[in-house]
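Written below as structure tokens is the structure these notes are about.
The values are calculated or read from the model by the stated rules, or taken from the named source; none is laboratory data. Note that this is a predicted model, so its numbers are computed, not measured. So basically every Cβ, Gly included, is an ideal-geometry build from the backbone, and we count neighbours across all protein chains shown. To get the accessible areas, we keep the full protein, side chains included, count just its heavy atoms, and leave off ligands, DNA and RNA. Shrake-Rupley method; radii C 1.70, N 1.55, O 1.52, S 1.80 Å.
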Amino acid sequence: MSSPCTSLAALLDPRPAPAPLVVTPAHVGGPVAWSDLRRSGALAVLHDGVAVASGSVVESPHRALALAGDVPARCVLAASTAAWVHTGLYDGGAAPAWPADAPVELAYAPDTHYPAARPGRVTRRAPGLTRDTVLLAGVAVTGMVRTAVDVACTAPPEAAVPVLVALAGRGVDLRHAARQLDRRARVIGRPAAHRALAAAQKLLGV
């Protein structure tokens, strides 16, 4: 049986804090240290002021956290932005970091207020958003099936098809995505979206 002193010491000795998934200037002592680490190649930047240690395996939660500061209340990362979070692809190719000139695409539910407009954002009203949203490291992102449908509807084919193939590789059933597309009312670009989904399925041999 441990002594009272030993038990008290255990309570007062904090366990090591888990390492953060992403690194910001606050984690490394401020902007000067951040700049030094960037110049030395110790950091791989994902977005403004958000990075990982060079050589780290970057996954969906890291990319979601990289864009967390661009998500206003009651909004969700959507369309091509959500596709980058899920797959690391943007505009048809691999994007280790969020492109500096790319607008962040957001969605909001019809029963909420339209978020304040801001340069660098594209915001769309999206019925059924609540059931199609997942949290990645606490950041709201459209789920992969919803993302597949949104990308098929909004991105040009040369950008959409590689994303759809990548999402299928992560478990998305593109035939199910096509059925979800047909359940939507008043879809702009439905025929083009079906062509993109069909092209991705052909590439996959399904």
(message) Conditions first: (1) open to solvent by less than 20 Å² (accessible area, probe 1.4 Å); (2) touching a His at 6+ places or on another chain (Cβ under 9 Å); (3) part of a loop (DSSP other than H, G, I, E, B); (4) not acidic (Asp, Glu). Ala102 passes all but one, so which condition is the exception?
(response) (2)
(request) Looking for whichever is closer than 15 Å to Ala79 by Cα and modelled with pLDDT of 95 or more here; the options are Ala196, Ala168, Ala137. Which one fits? (result) Ala196
(request) Taking the options Thr130, Thr154, Thr112, name whichever one is of a type in the set (S, T, N, Q) and closer than 15 Å to Ala83 by Cα. (result) Thr154
(request) Starting from residues that are out of contact with any Phe, Trp or Tyr (no Cβ under 7 Å at 6 or more places or on another chain) and closer than 12 Å to Val22 by Cβ, keep the ones in the stretch 35-47 and report whichever is surrounded by the most Cβ atoms within 10 Å (Cβ to Cβ). (result) Leu43
(request) Considering only the stretch 23-34, state which residues are free of Cβ contacts under 8 Å to residues at least 24 places away in the same chain, part of a helix (DSSP H, G or I) and open to solvent by less than 60 Å² (accessible area, probe 1.4 Å). (result) Val28, Ala33, Trp34
(request) Within the stretch 125-148, count every residue that is under 17 Å from Gly171 (Cβ atoms), in contact (Cβ under 8 Å) with a residue 24 or more places away in the chain and among the β-branched types (Val, Ile, Thr). (result) 4
(request) Just name the residue that is most open to solvent (accessible area, probe 1.4 Å) out of those in the stretch 105-131 that are β-branched (Val, Ile, Thr) and out of contact with any Phe, Trp or Tyr (no Cβ under 8 Å at 6 or more places or on another chain). (result) Thr130
(request) Please list, ordered by first then second residue, the pairs with beta carbon atoms under 8 Å, 6 or more apart or interchain, first in the stretch 73-101 and within 17 Å of Thr154 (Cβ to Cβ), second of a type in the set (S, T, N, Q) and part of a strand (DSSP E or B). (result) Cys75/Thr123; Val76/Thr133; Val76/Thr142; Leu77/Thr142; Ala78/Thr142; Ala79/Thr142; Ala82/Thr142
(request) Check Ala148, Ala82, Ala140, Ala64 and return the single one that is assigned to a strand (DSSP E or B), open to solvent by less than 30 Å² (accessible area, probe 1.4 Å) and either more than 19 Å from Thr24 (Cα to Cα) or touching a helix residue (DSSP H, G or I) at 6+ places or on another chain (Cβ under 7 Å) (or both). (result) Ala140
